[in-house]
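*Asks:* Once you've had a glance at the structure underneath, I'll fire off some questions.
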């Protein structure tokens, strides 16, 4: 009975053209990859790889949770992140998803209210659902709508949390953190920023907060990932010491998860050291400017991007174009519902420091071949 039910639901997914499958990147050296979040190409950086190898002296795995046998070199990475983000402390988790779910569900309690941007990442949405706080959704980056919802509801709740992505992963646009910080201050709220796609990209690599020349403060909590510009695996949260101490004692996805392998931690430490030099972040910004020019020439964008994420919206043609790219050794997956709204299907083009002018041209020409 259960098997038949599952089979029926899978068929329904297929019939609605929403079927997903795992695609292996064969012959990886000959594939032009425009789907990776490895913005600074640190996952393949020789110094990072050597640091990973050096970290293997601790063993293959961490063997336990951080509060048991798994606390090895992890605090060294947390110190590096806190220094990099200019915060009092930091705490690393097993993934960015686990960080958002763990931090939000722990800090946001019954009697509190969360205001969440409509286009926030799924991990934020799930963290809100797992919390016992009431949740209201404000229109994407719409400060007037946010203020309206706060003024209608603030007096009925203890704590107010405003939660947003720094850079939105499917559109590449930037949250107005300067305005959000002012709103949080005015209404005695806490601003939680998921800077997964901002760290290593904006603000000379320091992230979206730095991009707006904002300094960390008591009512700002920054969340990030180690799996995008850092090139590794894991997630982190940083902020005031009291928040970090509280999460160590109460955050379930931290307490009950095996700690990251120490070799991964060593690699991430080296990645932050390289990011601090600033060379790769500068190169990424130069590539963004180059991509802006070329993508405009092919009428794929109308205005310049500040981030390495480009949504090319082709609606019902998207998946056919994605398959055409794959056949031509260009890896750029199509994004569809429920990741994006129906009718907003797109190629999510993600560029990095390793891409060249020729690479951007090859992508555009291949897309042009299919849409003409």
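The values are calculated or read from the model by the stated rules, or taken from the named source; none is laboratory data. Keep in mind that what you see is a predicted model, and the values were worked out from it rather than measured. Glycine also receives a Cβ, built like all others from the backbone with ideal geometry; neighbour counts cover every protein chain displayed.
*Asks:* Name the residues in the range 298-320 that are outside any loop (DSSP other than H, G, I, E, B) and either more than 18 Å from residue 173 (Cα to Cα) or free of Cβ contacts under 8 Å to residues at least 24 places away in the same chain (or both), would you?
*Replies:* From the range 298-320, those outside any loop (DSSP other than H, G, I, E, B) are 309-313, 315-320; that's our starting set.
Passing the criteria: 315, 316, 317, 318, 319, 320.
Rundown of residues vs (1) in the same structural domain as residue 80 (by TED's automatic domain parsing); (2) in contact (Cβ under 8 Å) with a residue 60 or more places away in the chain; (3) more than 21 Å from residue 39 (Cβ to Cβ); (4) outside any helix (DSSP H, G or I), yes/no style:
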position	(1), (2), (3), (4)
217	yes, no, yes, yes
231	yes, yes, no, yes
248	yes, yes, yes, no
263	yes, yes, yes, no
269	yes, yes, no, no
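*Asks:* More than 16 Å from the chain's Cα centre (by Cα), assigned to a loop (DSSP other than H, G, I, E, B) and either in contact (Cβ under 8 Å) with a residue 12 or more places away in the chain or under 16 Å from residue 266 (Cβ atoms) (or both), is that true of residue 80? Break it down into steps so the answer makes sense when it comes.
*Replies:* Numbers: more than 16 Å from the chain's Cα centre (by Cα): yes; assigned to a loop (DSSP other than H, G, I, E, B): no; either in contact (Cβ under 8 Å) with a residue 12 or more places away in the chain or under 16 Å from residue 266 (Cβ atoms) (or both): yes.
It is false that residue 80 is more than 16 Å from the chain's Cα centre (by Cα), assigned to a loop (DSSP other than H, G, I, E, B) and either in contact (Cβ under 8 Å) with a residue 12 or more places away in the chain or under 16 Å from residue 266 (Cβ atoms) (or both).
Table: residues versus (1) in contact with a helix residue (DSSP H, G or I) (Cβ under 6 Å, 6 or more places away or on another chain); (2) in a strand (DSSP E or B); (3) surrounded by fewer than 20 Cβ atoms within 10 Å (Cβ to Cβ); (4) not assigned by TED's automatic domain parsing to the domain that holds residue 149.
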| position | (1), (2), (3), (4) |
| --- | --- |
| 99 | no, no, no, no |
| 102 | yes, no, no, no |
| 109 | no, no, yes, no |
| 126 | yes, no, yes, no |
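*Asks:* Considering only the range 21-29, I want to know if a residue exists there that is part of a loop (DSSP other than H, G, I, E, B) and over 26 Å from the mean Cα position of the chain (by Cα).
*Replies:* The initial filter retains those residues of the range 21-29 that are part of a loop (DSSP other than H, G, I, E, B), namely 21-27.
Those left that are additionally over 26 Å from the mean Cα position of the chain (by Cα): 27.
Yes; the residues of the range 21-29 include at least one that is part of a loop (DSSP other than H, G, I, E, B) and over 26 Å from the mean Cα position of the chain (by Cα).
*Asks:* Kindly indicate which of 91, 119, 146 is in a loop (DSSP other than H, G, I, E, B), assigned by TED's automatic domain parsing to the domain that holds residue 183 and buried (at least 19 other Cβ atoms within 10 Å of the Cβ).
*Replies:* 119
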